[in-house]
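The values are calculated or read from the model by the stated rules, or taken from the named source; none is laboratory data. Computed from a predicted structure; not experimentally measured. No Cβ is skipped: glycine too gets one built from the backbone with ideal geometry, and neighbour counts run over all protein chains shown.
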There are 2 protein chains.
Amino acid sequence: MRADPAAELEARRRLVETALDAALPPESAWPATIHRAVRYSLFAGGKRVRPLLVLAAGEAVGGHTTALMPLACAVEMIHTYSLIHDDLPAMDNDDLRRGKPTSHKVFGEAMAILAGDALLTRAFHLLVDMPAQVPAEDARRRVEAAAILGEAAGTSGLIGGQVADLEAEGCPDLSANELERLHRAKTGALLLACVRGSGVLSGAEAEDLVRLERYGEAIGLAFQVVDDILDATQGAAQLGKTAGKDAAAGKATYVRLHGLDGARRIAASLRAQARDAIAPLGARAALLDALATLIVDRTA
Amino acid sequence: MRADPAAELEARRRLVETALDAALPPESAWPATIHRAVRYSLFAGGKRVRPLLVLAAGEAVGGHTTALMPLACAVEMIHTYSLIHDDLPAMDNDDLRRGKPTSHKVFGEAMAILAGDALLTRAFHLLVDMPAQVPAEDARRRVEAAAILGEAAGTSGLIGGQVADLEAEGCPDLSANELERLHRAKTGALLLACVRGSGVLSGAEAEDLVRLERYGEAIGLAFQVVDDILDATQGAAQLGKTAGKDAAAGKATYVRLHGLDGARRIAASLRAQARDAIAPLGARAALLDALATLIVDRTA
């Protein structure tokens with residue numbers, strides 16, 4: 001039994017910060033500019049939702065924090081690279097991210113592109129860079145987790161979703177199915193990979209893996225629905241990024257398709273689905289459950 | 001004994017083309033634009049020097065083409081991603097590559113950035129995406145090769161070299177040491193990773209691995225010296241890309257530092273070093289030797 005899931009999550013968040021710092025070359029390493037740019041974005045105050053999903057999902061099926069940490073760091077690096085590239089003038093052209101100027105505003109476009117490239121490269125490097133004495137079974141699990149991440153980050157996942165998102169601009173009439181497909185790729189795939197990869201890395205039983213996956217699918221979609229709600233209802237100061245952008249870009253959103261109340265009902269229903277999926281895991285899944293609440297109830 | 005190394009290389013080049021095609025989703029896969037963009041650049045007529053280095057190095061130490069092919073494809077994908085990103089307006093701003101319009105000229109900047117991201121992601125995905133029945137020893141070698149590639153593609157290699165190259169613009173007074181460091185990172189690291197990764201993947205003995213590495217170091221630097229010579233002496237039609245760019249950008253080059261004859265002497269000396277390094281491997285290294293000639297004697 002956990003007295004305070006929020007405190008437990010905070011303790012793990014601090015472990016993640018330390019591990020991320022250790023996973024990167026120091027700022028002074030040659031050539032210094034790129035390491036400054038990489039660290040600027042990676043330590044810009046992210047909530048570390050994805051690494052926490054990795055740790056919480058692994059713990060729920062008997063995994064160990066140390067073994068899970070490379071994956072936890074890798075997913076955060078991939079998430080951060082995607083933000084840096086999405087913010088570029090050629091893409092979403094955003095000046096503000098987490099309340100700070102975006103990478104290209106500080107370091108210029110060339111360095112922002114390269115900082116994203118560096119984080120993507122380091123993410124995969126981290127997963128395959130293991131000491132020779134790692135037991136064969138652990139090595140194989142890590143490779144499998146890396147493959148799950150590769151699929152999620154690729155053209156049927158993260159990258160495909162961003163392409164579809166760019167192409168959907170000025171298409172407010174996207175159908176509900178097309179919108180869901182887009183977001184399952186752009187946001188859902190990586191979130192799902194966090195819990196599925198973590199389950200695989202922890203040697204989860206097949207039925208527990210299915211539970212994690214059902215949780216991950218629900219939470220992945222909920223994340224985007226809440227994003228749409230926040231974009232429609234919050235100001236830039238609260239979001240730390242440009243608000244009302246989707247409406248301005250004429251994008252289809254859950255709020256536009258289902259109305260604000262409808263979108264809120266969808267988020268609540270996905271939250272319930274996520275809870276149901278992991279209920280059989282019992283108390284071990286307390287952090288996963290707390291994360292679902294955090295994702296749905298967040299205000300930024 | 002091989003009668004005709006050129007024909008042998010051509011036969012392997014065709015195998016590489018087939019493997020690259022099979023390693024990518026079809027153009028029609030959702031979302032189609034990104035797959036068109038990825039294939040446009042990957043099949044734009046590259047000479048496949050890096051995949052051929054992988055295959056030739058592996059063969060020289062007893063490796064098998066089938067086992068080497070994922071690495072061969074991965075290095076070409078990483079090379080192609082780096083070209084797409086380097087050509088972007090924010091970087092080298094090139095309109096022409098291999099005689100064809102660059103990716104951003106055809107698909108726009110956003111799609112070019114994403115096509116590069118997709119190739120980088122797919123490269124690592126390919127290396128870790130292996131069937132469960134792969135023997136543990138082979139799986140471990142593949143992981144080690146992936147880690148070698150991760151290092152070479154990262155901020156101490158490919159990406160670091162591009163950063164240093166951008167920062168060297170307008171610095172014609174770069175010292176010979178600084179210039180060599182830049183090119184060892186930007187061009188040499190990936191070429192070295194081709195032969196080192198291939199050696200590891202093939203289970204090469206330690207002393208053969210050292211031979212491949214010495215070859216790779218020499219050939220990596222020779223590649224760049226020849227690039228500088230060609231940039232100074234050839235026209236755009238022959239190069240398939242903008243010529244005389246380095247001089248125009250005020251960049252330090254081997255030609256600027258050592259003169260045209262000096263640069264040619266350096267290239268010839270590196271060619272000899274490469275040949276000496278693999279001489280003990282005997283006839284098995286015939287293709288590696290032919291590749292060294294191809295790299296130093298190329299005219300584009």
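For the range B:99-124, the set of residues classified as surrounded by fewer than 24 Cβ atoms within 10 Å (Cβ to Cβ) and without any contact (Cβ under 8 Å) to a residue 24 or more places away in the chain consists of B:101, B:105, B:108, B:109, B:110, listed by residue number. Across the range A:183-213, what is the total count of residues that are under 19 Å from residue A:153 (Cα atoms) and either of a type outside the set (A, V, I, L, M, F, W, C) or at pLDDT below 95 (or both)? Residues that pass the stated criteria total 10. Can you find a residue in the range B:77-85 that is polar (S, T, N, Q), over 14 Å from the mean Cα position of the chain (by Cα), in a helix (DSSP H, G or I) and on the phi < 0 side of the Ramachandran plot? Checked the range B:77-85: no residue is polar (S, T, N, Q), over 14 Å from the mean Cα position of the chain (by Cα), in a helix (DSSP H, G or I) and on the phi < 0 side of the Ramachandran plot. Applying the selection to the range B:1-28, what residues are surrounded by 14 or more Cβ atoms within 10 Å (Cβ to Cβ) and either acidic (Asp, Glu) or without any contact (Cβ under 8 Å) to a residue 24 or more places away in the chain (or both)? Result: B:8, B:17, B:25, B:27. Tallying residues that are assigned to a helix (DSSP H, G or I), in contact with a helix residue (DSSP H, G or I) (Cβ under 6 Å, 6 or more places away or on another chain), over 22 Å from residue B:23 (Cβ atoms) and more than 9 Å from every other protein chain (Cβ to nearest Cβ) within the range B:99-111 yields 0. Mind checking whether some residue in the range B:140-154 is part of a helix (DSSP H, G or I), within 30 Å of residue B:261 (Cβ to Cβ) and in contact (Cβ under 8 Å) with a residue 60 or more places away in the chain? No: zero hits. The listed residues are A:196, A:184, and the only one of them that is in contact with a Leu (Cβ under 8 Å, 6 or more places away or on another chain), more than 14 Å from chain B (Cβ to nearest Cβ), assigned to a helix (DSSP H, G or I) and among the basic types (Lys, Arg) turns out to be A:196. For the range B:162-174, does any single residue satisfy the condition of being within 19 Å of residue A:128 (Cβ to Cβ) and touching a Lys or Arg at 6+ places or on another chain (Cβ under 6 Å)? No, because not a single residue in the range B:162-174 is within 19 Å of residue A:128 (Cβ to Cβ) and touching a Lys or Arg at 6+ places or on another chain (Cβ under 6 Å). Residues in the range A:16-61 that are of a type in the set (Asp, Glu) and within 14 Å of chain B (Cβ to nearest Cβ): A:27 alone. Evaluate the following for residue B:220: is it touching a residue at least 60 places away in the same chain (Cβ under 8 Å), assigned to a helix (DSSP H, G or I) and over 24 Å from residue B:90 (Cα atoms)? When the stated conditions are applied, residue B:220 does not pass them. Yes or no: residue B:117 farther than 19 Å from residue B:203 by Cα, at pLDDT below 95 and among the acidic types (Asp, Glu)? It is false that residue B:117 is farther than 19 Å from residue B:203 by Cα, at pLDDT below 95 and among the acidic types (Asp, Glu). Pairing each residue of the range B:278-300 that is under 16 Å from residue B:210 (Cβ atoms) with any residue that is of a type in the set (Lys, Arg) and surrounded by 15 or more Cβ atoms within 10 Å (Cβ to Cβ), provided the two are 6+ apart or on different chains, yields C-beta distances under 6 Å for B:278/B:211.
The residues of the range A:138-151 that are hydrophobic (A, V, I, L, M, F, W, C) and facing chain B (nearest Cβ under 7 Å), listed by number, are A:139, A:143, A:146, A:147. In the range B:155-170, is there at least one residue being touching a strand residue (DSSP E or B) at 6+ places or on another chain (Cβ under 7 Å) and either at the interface with another protein chain (Cβ under 8 Å from one of its Cβ atoms) or within 30 Å of residue A:169 (Cβ to Cβ) (or both)? So far as the range B:155-170 goes, no, none of its residues is touching a strand residue (DSSP E or B) at 6+ places or on another chain (Cβ under 7 Å) and either at the interface with another protein chain (Cβ under 8 Å from one of its Cβ atoms) or within 30 Å of residue A:169 (Cβ to Cβ) (or both).
No other residue among B:63, B:161 is crowded, with 21+ Cβ neighbours inside 10 Å and over 30 Å from residue B:280 (Cβ atoms) apart from B:161. Looking at residue B:189, is it among the small types (Gly, Ala, Ser) and either over 23 Å from residue B:255 (Cβ atoms) or within 14 Å of another protein chain (Cβ to nearest Cβ) (or both)? Yes: the conditions hold for residue B:189. Does residue A:114 satisfy being in a helix (DSSP H, G or I), closer than 16 Å to residue A:80 by Cα and under 17 Å from the mean Cα position of the chain (by Cα)? Answer is no for this residue.
So which residues in the range A:113-137 are out of contact with any helix residue (DSSP H, G or I) (no Cβ under 7 Å at 6 or more places or on another chain) and more than 9 Å from chain B (Cβ to nearest Cβ), if there are any at all? Within the range A:113-137, A:131, A:133, A:135 meet the criteria. Regarding residue B:75, is this residue in contact (Cβ under 8 Å) with a residue 24 or more places away in the chain, in contact with a Lys or Arg (Cβ under 6 Å, 6 or more places away or on another chain) and either buried (at least 21 other Cβ atoms within 10 Å of the Cβ) or within 11 Å of chain A (Cβ to nearest Cβ) (or both)? Yes; evaluated as a whole, the condition is true for this residue. If the condition is being part of a loop (DSSP other than H, G, I, E, B) and on the phi < 0 side of the Ramachandran plot, then the range A:56-74 contributes A:61, A:63, A:64. Among residues of the range A:171-181 being surrounded by 18 or more Cβ atoms within 10 Å (Cβ to Cβ) and more than 11 Å from every other protein chain (Cβ to nearest Cβ), the one that is farthest from the chain's Cα centre (by Cα) is A:174. Inspection of the range B:87-98 finds a residue satisfying the criterion of being within 12 Å of another protein chain (Cβ to nearest Cβ), crowded, with 21+ Cβ neighbours inside 10 Å, under 18 Å from the mean Cα position of the chain (by Cα) and at pLDDT 95 or above.
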